[in-house]
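Have a look at the structure below before the remarks.
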Amino acid sequence: MSIQYFEKERIFKLDTCASTYMIGIVDEENFIGHVYFGPRIKEHDAGYLMRTAELPHVPTRNGRDRLAFMDTFPMEYPTHGLGDYRDDAIAVRTVNGNSALQLSYVSHEIIQGKKPIKGLPATFGSDKDCQTLEILSTDKVLGLDVILSYTVFEDVDAVARSVRIINNGSDDICLTKVMSMCLDMDNDNFDLITLHGSWARERHINRRPLTYGFQGVSSLKGESGHQEHPFFAILSNNADQDKGEVYGVSLVYSGNFKAECYVNQFDSVRAMIGINPEDFTWLLKKGEEFTAPEVVLVHSSEGIGKMTRTFHDLFRNHLIRSPYKDLKRPILINNWEATYFDFNTDKLLAIADEAAKLGIEMLVMDDGWFGHRDFDDSSLGDWYVYEDKLPGGLKYLVDEVNKRGLKFGIWFEPEMISPDSDLYRAHPDWAIQIRNRKPGMARNQYVLDLTRPEVVDHVYSMVSAILKSANIEYVKWDMNRPLADMGSAALPPERMGEMFHRYMLGVYELQERLITEFPGLLLENCSGGGGRFDPGMLYYSPQIWCSDDTDAVERLSIQEGTAMVYPLSSMGAHVSDCPNHALGRITPFATRGYVALAGTFGYELDVTKIPEEDRNMIPGQVKMYHKYNDLVRMGDYYRIASYSENKEYDCYMVVSKDKTEALVTFIQVLGSVNKHSRRIRLKGLDPEKDYRISFEGIDDRAKEEFDTDRTYSGELLMNAGILIARPWGDFKGMLISITEA
Ligand code: GLA
């Protein structure tokens, strides 16, 4: 039983294999309090942690200081306007113009398994995998019911929370804020980690001490965004990869979000995450309900690394649905950086000819194949083939590619509309815009109003028709600009504040229809690189393009931040040409290959034009991918050293679940003199097993220093480590393969 209710103490106890979460009910008013979240404990009688025996006590004992209680009690789901000044999780606007509410416990239910959340991405699990607690609370004055759900994935060591609101009152009510969770805790010298970035520099790790007042991250771009990320971790300030307490919080949503932490006068922390309340309202008519996006909580007593591995397991097994999640993905070659818009059937077939010889398995035709698109200034929305570029049509091209032994994939940007398009000429009001204001363009394009069912239907039918017209086995779904000018010709004024969230529901519906009608399709999400890399998207696609920056060095930081939360199997990573198209750096082809091996692996270059010595390395890289990808996709990930921190070298490893095999990647970004060797202490191995070590990519000089004939115990490798000889030069990489002897 992972969920128990102790009636006498009025305590809910939720246990995973290593963590415990406790909720308490107090006072005659049935306040729902947060009791505990931390390492697993046997005892349930911990209600004293809510401090109701101390001043100011509960309101029935001390009505004089009710507000002091409201402002100090550790609330499980704080409400607006009645004296809790620490910021709230939910606020409303009633027909009378009031904004306050109070939630009291009414009843609860414990069920096996987990119900899906209609229209939204969410984790899933069978009756054996998980148990769910639903606490029904209500505001008696408004007749507003709020159901707090907690699903416990006991073996995985994670808890998924969501919030459902039902208007059972006699009037319509407007929700003005609905966060997905709140976590009230005592501050313990915590640090805060968030992921920060920009276009071509996504998800760099940002760590700083939690301090008084508000701090957090958010998006108002209609997507999770390049800049900030719907994830944060609160951790003890001495926590590192292997030790210390860490609370990881990840929102399963792809639109506007807000994550905020507030340290108050009493040194307690209130952490929340959910839909950004700015630009959000939701009219709940009598009898209607609203569900906020799900949030996943992971507690680790063994540092950041353990949190990471828990997220990886949860997302791989209980979020990603694609049949590809357990499969090796075809090695693709994408023509974007090879040709940009300047391609035709002959050029693509020439790339396919060469790619086939080298062992590449799929050709992806990127932007520019539709309407009359020769640049970014036209044709989005006109999803029919540009015959001048592709004479004979798509079917001819795909058949020819298939004949060469390659699969075929295609790029779409279904959410967009170019002013120069037949679609815009026919339906100018389908572009998101505010009446009487000219909408602003980004990358020469507008965004389609996906809050309108007829727009969703039309887009879907065009995409679906293309997919049916030829043997297309992969789709790259792009989204190349943020939302702005939020106005819909179809929404009444009182619902205009729903637009951002309704837009996301439209996107989710489109992707759900796509994977339902084409269940074998490999879908990769993308947004100007990695602007929408989030758990919401992973529910529909097993992989997401990490970044338009494919430079091997920049990718170390991007992939380190991404892999802190997301499985390596989900990170779109390719080898591209040099000088790198995003930042002009030149790195060895081999190193680009080692770095891309940490993700889905593929190529983003014109294989007919790259230097011959680079081309000659491709078959070897293909072989490496096939040798190591099962391990990389399914294994446990350990971070050993971070180039972002030490500014010299990067090192990480993946260990198979049975600990018989491991792969270490070492990249020396900057060469350094007089450091004869570096000691790398491996992680995650079985101390009792003996292992053999072999190297790939190491130069002969360094190779001499290793004895590959002997075996090493896991204990030795993890405690004493191995010596990495200094590679000669900058940007050098090597793989160290470890196998049980
Ligand atoms: C985005 C993607 C690129 C490419 C272009 C095409 O920037 O991230 O990979 O598909 O769009 O316009």
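What is the spin-label model distance, in nm, from Ala350 to Arg64 if the labels are put 7 Å beyond Cα along the C-beta direction?
Result: 8.9 nm between the two label points.
Is the range 617-741 rounded, prolate or oblate when judged by the Cα gyration tensor, a ≥ b ≥ c being the square roots of its eigenvalues, rounded requiring a/c under 1.5 and prolate requiring a/b larger than b/c?
Working: a/c = 1.44, a/b = 1.23, b/c = 1.17.
Rounded is the answer for the range 617-741, as its axis ratio a/c remains below 1.5.
Taking the mean number of other Cβ atoms within 10 Å as a proxy for protection, how do you rank 110-116, 156-162, 187-193 from highest to lowest?
Details: 110-116: 15.3, 156-162: 24.9, 187-193: 17.4.
Most protected by this proxy first, the peptides run 156-162, 187-193, 110-116.
Grab the beta carbon distance between Leu55 and Lys647, set R0 = 35 Å, and tell me the FRET efficiency rounded to 0.05.
Numbers: r = 51 Å, r/R0 = 1.46.
Efficiency at R0 = 35 Å is approximately 0.10.
At Ser126 and Ala465, where each label point lies 7 Å from the Cα along Cα→Cβ, what is the point-to-point distance in nanometres?
Each label point is offset 7 Å from its Cα along the Cβ direction, giving 4.2 nm.
Give me the number: length gained by fully extending Asn402 to Glu512, i.e. 0.36 nm times residue separation minus the C-alpha to C-alpha distance, one decimal in nm.
Details: separation 110, 0.36 × 110 = 39.60 nm, distance 2.71 nm.
Value of the extension gain: 36.9 nm.
Over the Cα atoms of the range 471-548, compute the convex hull volume and normalise it per residue, giving Å³. Walk me through the intermediate numbers first.
Values: hull volume 8.9 nm³, N = 78.
Dividing the Cα hull volume of the range 471-548 by its residue count gives 114 Å³.
Name the shape class, rounded, prolate or oblate, that the alpha-carbon gyration tensor gives for the chain, where a ≥ b ≥ c are the square roots of its eigenvalues, rounded holds for a/c under 1.5, and otherwise prolate holds if a/b is larger than b/c and oblate otherwise.
Working: a/c = 2.18, a/b = 1.24, b/c = 1.76.
In terms of gyration-tensor shape, oblate.
Using only the C-alpha atoms of the range 139-297, find the volume of their convex hull and express it per residue in Å³.
Working: hull volume 21.4 nm³, N = 159.
Convex hull of Cα atoms, per residue: 135 Å³.
Show me 511-524, 217-230 ranked by packing, highest mean number of other Cβ atoms within 10 Å first. Display every interim value, and only then the final one.
Details: 511-524: 17.1, 217-230: 24.4.
Put in order of decreasing packing, that is 217-230, 511-524.
Provide the FRET efficiency to the nearest 0.05 for the Arg425-Arg207 pair, computing r from the beta carbons and using R0 = 51 Å. Kindly include the intermediate steps, with their values, before the conclusion.
Working: r = 50 Å, r/R0 = 0.99.
Computed FRET efficiency for Arg425 and Arg207: 0.50.
I'd like the accessible area for Asp420: 1.4 Å probe, protein heavy atoms, all chains in place, Å² to the nearest 10.
50
Could you give the accessible area per residue of the chain, probe 1.4 Å, as a whole number in Å²? Provide the component values of the computation, followed by the final result.
Working: 27030 Å² over 741 residues.
Using a 1.4 Å probe on heavy atoms only, each residue of the chain averages 36 Å².
Of the accessible area of the range 178-222, with the probe set at 1.4 angstrom, what percent is carbon plus sulfur? Please report the intermediate quantities before stating the final value.
Numbers: 920 of 1850 Å².
Of all accessible area on the range 178-222, carbon and sulfur atoms account for 50 percent.
Can you give the extra length, in nm with one decimal, that the chain gains between Asp188 and Ile434 once fully stretched, where that is 0.36 nm per residue apart less the Cα-Cα distance?
83.9 nm
Could you tell me, in Å, what Rg and Dmax come out for the Cα atoms of the range 423-564?
In Å, with Rg to one decimal and Dmax whole: 16.7, 49.
In whole Å, what is the distance between the alpha-carbon centres of the range 198-245 and the range 285-352?
Value for the Cα centre distance between the two parts: 20 Å.
Place the peptides 334-341, 453-460 in order of packing, highest mean first, counting for every residue the other Cβ atoms within 10 Å and averaging per peptide. Walk me through the numbers on the way to the answer.
Details: 334-341: 20.1, 453-460: 17.1.
The packing order, highest mean first, is 334-341, 453-460.
Applying the Karplus parametrisation 6.51 cos²θ - 1.76 cosθ + 1.60 with θ = phi - 60° to the phi angles of the range 27-44, what ³J(HN,Hα) value in whole Hz is obtained for each residue in order, glycine and proline being reported as x?
Per residue, the Karplus-derived 3J(HN,Hα) values read 6, 5, 7, 6, 5, 9, x, 8, 9, 6, 9, x, x, 4, 10, 7, 5, 10 Hz.
Taking only DSSP H segments of four or more residues, each worth -39500 (n - 2.57), what value at 222 nm results for the chain once the sum is divided by all its residues, to the nearest 500 deg cm²/dmol?
Values: 16 runs with 152 residues, N = 741.
Taking each H run of at least 4 residues, the total per residue is -6000 deg cm²/dmol.
Give me Rg over Rh for the range 388-458, both radii from the alpha carbons and Rh done the Kirkwood way, two decimal places. Don't jump to the answer; show the numbers that get you there.
On the way: Rg = 16.7 Å, Rh = 14.7 Å.
Checking Rg against Rh, the ratio lands at 1.14.
If you wrap the range 4-138's Cα atoms in a convex hull and average its projection over all directions, what's the area in nm²?
On the way: hull surface 40.9 nm².
Result: 10.2 nm².
List the extent of the Cα atoms of the range 514-632 along each of their three principal axes, largest first, rounded to whole Å.
Per principal axis, max minus min of the Cα coordinates gives 43, 27, 26 Å.
How much FRET efficiency would the formula 1/(1 + (r/R0)^6) give for Thr660 and Ala490, where r is the Cβ-Cβ distance and R0 is 51 Å, rounded to 0.05?
Values: r = 58 Å, r/R0 = 1.14.
In this case the efficiency is close to 0.30.
For the range 389-399, what does the Karplus curve 6.51 cos²θ - 1.76 cosθ + 1.60, with θ = phi - 60°, yield as ³J(HN,Hα) per residue in whole Hz, taken in order and with x for Gly and Pro?
Computed from phi, the couplings for the range 389-399 are 7, 10, x, x, x, 6, 4, 4, 4, 5, 4 Hz.
In angstroms, what radius of gyration and Dmax does the range 360-509 have, counting Cα atoms only?
Calculated on Cα positions, Rg and Dmax stand at 16.5, 56 Å.
With bins 10 Å wide starting at 0, give me the P(r) of the range 320-418 over every alpha carbon pair, in whole percents.
16, 45, 30, 10
Sticking with the crude label model, points 7 Å out along Cα→Cβ, report the distance from Tyr48 to Ser99 in nm, one decimal please.
3.9
Rounded, prolate or oblate, given the Cα gyration tensor of the range 30-99, with a/c below 1.5 counting as rounded? Before the final figure, lay out each step's value.
On the way: a/c = 2.99, a/b = 1.55, b/c = 1.92.
The shape class here is oblate.
By accessible area of protein heavy atoms, probe 1.4 Å, what ranking do Met634, Met70 get, highest first? Provide the component values of the computation, followed by the final result.
Values: Met634 90, Met70 5 Å².
Result of the area sort, largest leading: Met634, Met70.
Using a 1.4 Å probe, how large is the accessible area of Cys130, given in Å² and rounded to the nearest 10?
The accessible area comes out at roughly 10 Å².
Amide H of Ser642 versus every other amide H placed in the peptide plane: which residues, excluding those fewer than 5 positions away on the same chain, fall under 5 Å?
Under 5 Å from the amide H of Ser642 lie the amide H atoms of Cys651, each far enough along the sequence or on another chain.
Tally up the carbon and sulfur contribution to the accessible surface of the range 319-468 as a whole percent, 1.4 Å probe, everything protein left in place.
Working: 2970 of 5730 Å².
Using a 1.4 Å probe with all protein chains present, the range 319-468 comes out at 52 percent carbon and sulfur.
Heads up, I need the accessible area for Leu55: 1.4 angstrom probe, whole protein in place, Å², nearest 10.
In the full protein context, Leu55 sits at about 140 Å².
Sequence-distant or interchain residues sharing an amide H contact under 5 Å with Cys526, placed H: which?
So Cys526 has HN proximity to Trp477, Met479, Trp545.
The values are calculated or read from the model by the stated rules, or taken from the named source; none is laboratory data. Just so you know, these numbers come straight off a predicted model, no measurement behind them. Please note: Cβ atoms are built from the backbone with ideal geometry, for glycine as well, and neighbour counts cover all protein chains shown. What goes into the accessible areas is simple: the full protein's heavy atoms, side chains included, and nothing from ligands, DNA or RNA. Shrake-Rupley method; radii C 1.70, N 1.55, O 1.52, S 1.80 Å.
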